[in-house]
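I have placed the structure first, in the form of structure tokens, so that the comments after it can refer back to it.
Here, each number is a calculation from the coordinates, and none is a lab measurement. Given the structure is predicted, the values throughout are model-derived calculations rather than measurements. Cβ placement follows ideal geometry from the backbone for every residue including glycine, while neighbour counts extend to all protein chains displayed.
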Amino acid sequence: MALCDMFEAFGIAAIALAGLTLSPAAAIAQPVPASANPVALAEVSGNWLVVPRRTPDSIAIGGIPRSFRLTVEGGSVTGTFRFNGWDYPIANWVARGDGFAFDLTGKPPFVQMRARPRADGRFMDVWIGDEMLGIAPFLARRVSDSELAAIERDAPRPDTMSKLPLPAPHDVGVRNLAPVPPMGWNSWNVFREAVDDRSVRAMADVMVSSGLRDAGYRYVTIDDGWQGQRDAAGILHPNSKFPDMRGLVDYIHARGMKIGIYSSPGPVTCSGYIGSHGHEAQDAKTFAAWGIDLLKYDWCSASNIYDTKVEMQARYQVMGAALQATGRPIVYSLCQYGLYDVGSWGNAVGGHMWRTGGDSIEGDLWHAVDYRFDHNGNAAHAGPSAWNDADMMLVGIDGLTPEEYRTHYTLWMMAASPIILGNDLRTMTPAVKAIVANPAVIAVGQDRLGIQGQRVAQIGTTEVWSKQLADGATALALFNRGTALAAITVNWRAIGLRAPKRVRDLWRGVDVAPAADYTVEVPRHGAVLLRVS
Ligand code: GLA
């Protein structure tokens, strides 16, 4: 079974671990390293604070600490893993090689973990996952009872960790705020929890100076990691990395762009920051008062509390209605990994776009792109202000070839997905910019009909996709998902295009001869995008 299929079977649990970099496609399929030195049981006894790998200081800047509390008893180890405010009892502890393996129990059910204290006794390497899902490594630091108590005392604490009453379902009536798929940039892929005011302004500057804004990229979204604590009145304040949110919003608006922000229907976000659970109206008002234009709302820890589709819809509806009640036009981006056929109810809860799967950025990037050929949501649900969101772009991120970048971009355009860049724009190469700022290609994705293109032919690992455009033309994408050069032939008649007058290769920027059969060689993992009129 492919990894992402595994994830779907695994459900929401994997996503809840995203802050530990284990999420749907998170599979870092590497074996746990072995060493010859056996570890004494006593060495694991005590408290261990999880130290994020990419942003080791994030505990200090707003996240909820994650820790192990381990006790050695009768030759075995018991204890809990405290994750985003919940305690997961440890079970089935066994010595394994030079370390230990154990299961985490609780809700949602976690996968297996392995741990190995380092020789200095101060750090413990921990691996979470299994061979099927992939194994993500992270680090834990030994802390004393008093140090852990102090860290937890000063940390943010959600005030509603259990089920809240659900509103009666009703259609909140979506407003047409996203007539074409939103385009922009989001902080998560580049900065994760280290995102701050300065880096967001810097990206906004580059969006202007590089011409990306004028190419259509208008939304600058601050993803997870901006949140601080609620005050006595329940108002959520940014953490110290965002000293002047209103000023930041003004800065983006003054440059002719819009600004997005991130929260969760759960008490805690995927990376352990305070979510909007029970504070939806208050947070919506705060966002509106800041001048926010888009909210990405990520299910995350809501999966610890809510179990059903109806509950999920209701929690999304609460925020959808709250956003509308502010009177400010705020695009509502649902991030619940495509569960429960979200396209069939996303609009009813006020949503304008909804993710169709897990995080592309985790694990093997080509796999994440290739997966979307078959998992793009239901095209019938797509249209103005109703977009199947194939997740943030990987163009410009290490792990894909230039050919794969183009294929990725072409597929997202054909699928009428929102195009939210995830690369570091400050270091974007001219070649990457040429891919993400090609006006003729962008016009395909931004076509005002808002039709989601679909596969019309498939032979082996090659396929042809078609997307109807408003001016009567058809965008045709020829994809080679295979690992060798392949010739792809299009017979216009066979795909219902009769005799085209003009065929333009949009990536090459040249017209090609509209003969009855058009054959083109497409490199491995490559794509050709044609505009047929
Ligand atoms: C989840 C989302 C990501 C990102 C992270 C932040 O994994 O799917 O896009 O927002 O949470 O913690």
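Note the full-extension length gain between VAL310 and ASP517 as 0.36 nm times their separation in residues minus their Cα-Cα distance, in nm to one decimal.
Details: separation 207, 0.36 × 207 = 74.52 nm, distance 5.01 nm.
Result: 69.5 nm gained on full extension.
Quick one: ARG502, ARG481, ARG315, fewest Cβ neighbours within 10 Å first, how do they rank?
Values: ARG502 11, ARG481 21, ARG315 26.
Placing the least packed residue first, the sequence is ARG502, ARG481, ARG315.
As a test, work out the antiparallel percent of DSSP beta bridges whose residues both lie in the chain, rounded to the nearest 5. Intermediate values should be presented prior to the final figure.
Working: 76 of 99 bridges.
Percent antiparallel among DSSP bridges in the chain is about 75.
Relative contact order of segment 424-533, please, whole-number percent, based on alpha carbon pairs below 8 angstrom and at least 6 residues apart.
Rounded, it is 25 percent for segment 424-533.
Cα-based Rg of segment 417-463 per 2.2 N^0.38 Å, rounded to two decimals?
This ratio for segment 417-463 stands at 1.50.
Would you kindly derive the ³J(HN,Hα) couplings of segment 256-266 from the backbone phi angles with the Karplus curve 6.51 cos²θ - 1.76 cosθ + 1.60 (θ = phi - 60°), listing them in order in whole Hz, with x for Gly and Pro?
With coefficients 6.51, -1.76 and 1.60, one gets x, 10, 10, 10, x, 9, 10, 7, 9, x, x Hz.
Going by amide H atoms built from the backbone, whose H comes under 5 Å of the H on VAL220, apart from near neighbours?
TRP185, LYS258, ILE259, GLY260
Tell me which residues come under 5 Å, amide H to amide H, from VAL180 once H is placed; ignore anything under 5 positions away on its chain.
Hits under the 5 Å cutoff: SER385.
What is the dipole size for the chain, taken about its Cα centre, with +1 at each Lys and Arg Cβ and -1 at each Asp and Glu Cβ, in debye to the nearest 20? If you can, show how the numbers build up before the last one.
On the way: 49 positive and 53 negative charges, 225 e Å.
Rounded to the nearest 20 debye, it is 1080 debye.
Which whole-Hz ³J(HN,Hα) couplings does segment 484-495 yield from phi under the Karplus relation 6.51 cos²θ - 1.76 cosθ + 1.60, θ = phi - 60°, glycine and proline marked x?
Once rounded to whole Hz, the list reads 10, 3, 9, 8, 10, 10, 10, 9, 3, 4, 4, 9.
Compute, for segment 275-350, the length of the dipole vector about the Cα centre, with Cβ point charges of +1 (Lys, Arg) and -1 (Asp, Glu) only. Units Debye, rounded to 20. Intermediate results must be reported in sequence, preceding the final value.
Details: 5 positive and 7 negative charges, 34 e Å.
Result for segment 275-350 is approximately 160 debye, rounded to the nearest 20.
Report ³J(HN,Hα) in whole Hz for each residue of segment 79-91, in order, from the Karplus equation J = 6.51 cos²θ - 1.76 cosθ + 1.60 where θ = phi - 60°; Gly and Pro get x.
x, 9, 10, 8, 10, 6, x, 9, 9, 10, x, 8, 9
If you restrict to DSSP beta bridges whose two residues both lie in segment 168-283, what percentage is antiparallel, to the nearest 5? It would help to have the intermediate numbers written out before the result.
Numbers: 3 of 9 bridges.
If we restrict to bridges inside segment 168-283, about 35 percent are antiparallel.
Under a straight-distance cross-link criterion of Cα-Cα below 26 Å, which lysines are reachable from LYS467, leaving out those fewer than 8 residues away in the same chain?
Partners found: LYS433, LYS501.
Would you mind checking which residues have amide H under 5 Å from VAL522's amide H? H placed 1.01 Å from N; only 5 or more apart, or other chain.
Those qualifying (amide H under 5 Å, at least 5 residues apart or on another chain) are ALA486, ALA487, ILE488.
From zero up to wherever the largest Cα-Cα distance of segment 265-374 sits, split into 5 Å bins and tell me the percent of pairs in each.
Over segment 265-374, the share of Cα pairs per 5 Å bin runs 2, 12, 22, 23, 19, 13, 6, 3, 0 percent.
Using only Cα atoms, tell me the angle between helix 245-254 and the longest principal axis of the chain; keep it within 0 to 90° and round to the nearest 10.
With both axes taken from Cα atoms, the answer is about 10 degrees.
What is the gain in length, in nm to one decimal, between GLU147 and ARG328 on full extension, counting 0.36 nm per residue of separation less the C-alpha to C-alpha distance?
On the way: separation 181, 0.36 × 181 = 65.16 nm, distance 4.39 nm.
Fully extending the segment from GLU147 to ARG328 adds 60.8 nm.
Expressed as cubic angstrom per residue, what is the convex hull volume of the alpha carbon set of the chain?
On the way: hull volume 78.6 nm³, N = 533.
Once divided by residue count, the hull of the chain is 148 Å³.
Let me check against my output: what whole-number percent is the relative contact order of the chain, with C-alpha pairs under 8 Å and at least 6 apart? Let's see the in-between values first.
On the way: 1225 pairs, mean separation 65.4, N = 533.
Once divided by the residue count of the chain, the mean separation gives 12 percent.
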